[in-house]
1. Looking only at residues in segment 48-80 that are of a type in the set (Phe, Trp, Tyr) and in a helix (DSSP H, G or I), which one is most open to solvent (accessible area, probe 1.4 Å)?
2. Sort through THR139, THR147 and tell me the only one that's surrounded by fewer than 18 Cβ atoms within 10 Å (Cβ to Cβ), over 25 Å from TYR230 (Cα atoms) and touching a helix residue (DSSP H, G or I) at 6+ places or on another chain (Cβ under 6 Å).
3. Checking TRP32 against (1) in contact with a Pro (Cβ under 6 Å, 6 or more places away or on another chain); (2) surrounded by 18 or more Cβ atoms within 10 Å (Cβ to Cβ), only one condition comes out false. Which one?
4. Name the residues in segment 81-104 that are in a loop (DSSP other than H, G, I, E, B), at pLDDT below 85 and out of contact with any Asp or Glu (no Cβ under 9 Å at 6 or more places or on another chain), would you?
5. Output the number of residues of segment 105-122 satisfying the condition of being farther than 22 Å from GLN20 by Cβ and not in a helix (DSSP H, G or I).
Amino acid sequence: MPGGVSLTSYESIDTMGQLQLGRIPQFIAKSWLEFIAPAIMDRNGLSMFIAVRICYGLLLLLLAFLALRIIIVSGRKEKSKTALMGLFLFLFPCSVNLIYLMCANGYVHTLMRYAQIMIYIGAIVIIDRKGMALLKGKTAKIKNLLTGLCLVTAGSFCVQANQAYYGLHQMFLETKAYYTVLVTQIKSQEGYQEDMPVAFIGEAEDKTFPMFVQYSKFESMAGLDCMSYYQLYSNKGLLKYCCGFAPDYVSDTSSIEAMEEFKKMPSYPDYGSVDILNGMVVVKFQEK
């Protein structure tokens, strides 16, 4: 990289775009699978609703019909053009799902699959530009069908987006309230001083934290486990930006974990799980 700066290895970002020729057949198969799959099951939240799956399935059938008509009509004139058009149609799913080649070693989530909209745009452009030649007298009916599919899909996405944003906002409020209580407990410890470092040890595990099963359906779209939002690795960032609490954190907690006082502490949120040991505020979560 210019300047000696390298990309982080998080989610294989540092290898994104590195073409591996041996994996191209696998990529083509994956692209076609992801091209068809949304008509059958939810893929990254793109076809969460049954109505969207039905519309997408009908759209694929319409595209297949249009592709066949293109090959038939162009085949009457130039065979070379027909072969080139057939190759283009074969590679169309690969272009839509190019992210699976660019990110062969990482996790692909919803935000990385916006090119999926080109399937709808492709059908619209073909009918708008070549509808009369391909469909003859059926152009108006096919246009009405495609309009209906797009309207139902767009309407479903609007409902889905509102549900997802509401669910994520609700989980954020719950998590913020949870850690606000924790900050209150920390500052309420006898002898607490603002310059004391804080040690979080273990992983948050609280049976009293509400779990709403209806949020779980957004997991594939949000890219996180919505059922355990309060266990996110970014809890310190939440404490800083949303709870107004940014102490110095103890990075090496091995010496604390070796203390007898720490071993006798219960796990959070039980009474006594927050304490001051050797001038440090210790919060003992569940052992990892």
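The values are calculated or read from the model by the stated rules, or taken from the named source; none is laboratory data. Since the model is a prediction, treat every value here as computed from it, not as a measurement. So basically every Cβ, Gly included, is an ideal-geometry build from the backbone, and we count neighbours across all protein chains shown. Just the protein is used for accessible areas: all its heavy atoms, side chains included, with ligands, DNA and RNA removed. Shrake-Rupley method; radii C 1.70, N 1.55, O 1.52, S 1.80 Å.
1. Among them, the one singled out is PHE65.
2. Within the list THR139, THR147, the selection yields THR139.
3. (2)
4. Passing the criteria: only ALA104.
5. Initial filter on segment 105-122 (farther than 22 Å from GLN20 by Cβ): 110-111, 114, 116-122.
Subsequent filtering for residues that are not in a helix (DSSP H, G or I) retains none.
Qualifying residue count for the region: 0.
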